[in-house]
1. What's the center-to-center distance, using Cα atoms, between segment 83-145 and segment 164-221 in Å?
2. Starting from the 7 Å offset along Cα-to-Cβ, what nm value, one decimal, do you get for the label separation of ARG43 and GLU110?
3. Under 8 Å for C-alpha pairs, at least 6 residues apart: give me the relative contact order for the chain, rounded to a whole percent.
4. Starting with the highest mean, order 189-196, 45-52 by the number of other Cβ atoms within 10 Å, averaged over the residues of each peptide.
5. Along the Cα→Cβ direction, 7 angstrom out, place labels at ASP124 and ALA79. What is the inter-label distance in nm?
6. Heavy-atom accessible area per residue, segment 21-87, 1.4 Å probe: how many Å²?
7. Ignoring any ligand, DNA or RNA, what whole percent of the accessible area of segment 142-223 comes from carbon and sulfur when the probe is 1.4 angstrom?
8. For LEU35, enumerate residues with amide H under 5 Å from its amide H, sequence gap 5+ or separate chain, H modeled in the peptide plane.
Amino acid sequence: MTSPPAASPANEPPSLVDVLEEEIVLGYLLPRERLVEEEVAVRFGVKRHVARDAILRLERMGLVDRTPNKGAVVRMLTAREVEQIYAVREVLETLAAAQIPLPAAPALVERLAAVQARYATAVDAGDPRAAFRANIAFHDVLFGGCGNPHLAEAIRLFVQKVHGVRSNTAADPAHLARSRAEHEAMITALRDGDRPRLVQLCRDHLVPSLTAYVAGLKRRGLA
């Protein structure tokens, strides 16, 4: 396992679940890598029951598989599973983009711009952890603007299911730069009231991580 960089300072210290989630997303914990309660507890200086609870929560999030008498491993999605989940994501996210009132309210644009500034700062600083969290916040604000909290919640759930898929791109400078540019284009489309552009941007935004993950499986003969 590659040693991850130290977590970025924040007002609130990240929970153990947050840290492990980030390590899965950023590829520090790889698909099929074991998560042993005792080792997690020792590594992070927590009680074993805290480590156990964190692993159980990761399982509920769809990031970990647990097998009786064998323990937990980082979940490895098949190419077919990933393609199916991304197909659902495309439907949900473009639906949300189609329902955001346009031109967007100034308050929504301002909130997105503020989160995007955090994302850009993290990208420039080479801080993938902060970039990951800012990216999540950006999409929460964006899709929350559709006015349908149930749709926004469904989007969050399906994004979470494929966190591990992003291990191929989440710390890649070229991908981060592309994502940054696409976020900025989304803000412009919202401000200009350009719905076709916004919907297409949301659709295109899904492609790189899906493509990279499936290509990685094929290189290893797993797809």
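The values are calculated or read from the model by the stated rules, or taken from the named source; none is laboratory data. Please read these numbers as outputs of a predicted model, since none were measured by experiment. No Cβ is skipped: glycine too gets one built from the backbone with ideal geometry, and neighbour counts run over all protein chains shown. The area values use the complete protein model at the heavy-atom level, side chains included, leaving out ligands, DNA and RNA. Shrake-Rupley method; radii C 1.70, N 1.55, O 1.52, S 1.80 Å.
1. Taking the Cα centre of each part, segment 83-145 and segment 164-221 sit 11 Å apart.
2. Rounded to a tenth, the inter-label distance reads 4.2 nm.
3. Value for the chain: 26 percent.
4. 189-196, 45-52
5. The two pseudo-label positions are separated by 4.0 nm.
6. The answer is 57 Å² per residue.
7. Result for segment 142-223: 54 percent of the exposed heavy-atom area is carbon or sulfur.
8. Amide H neighbours of LEU35, under 5 Å, 5+ apart: ALA72, VAL73, VAL74.
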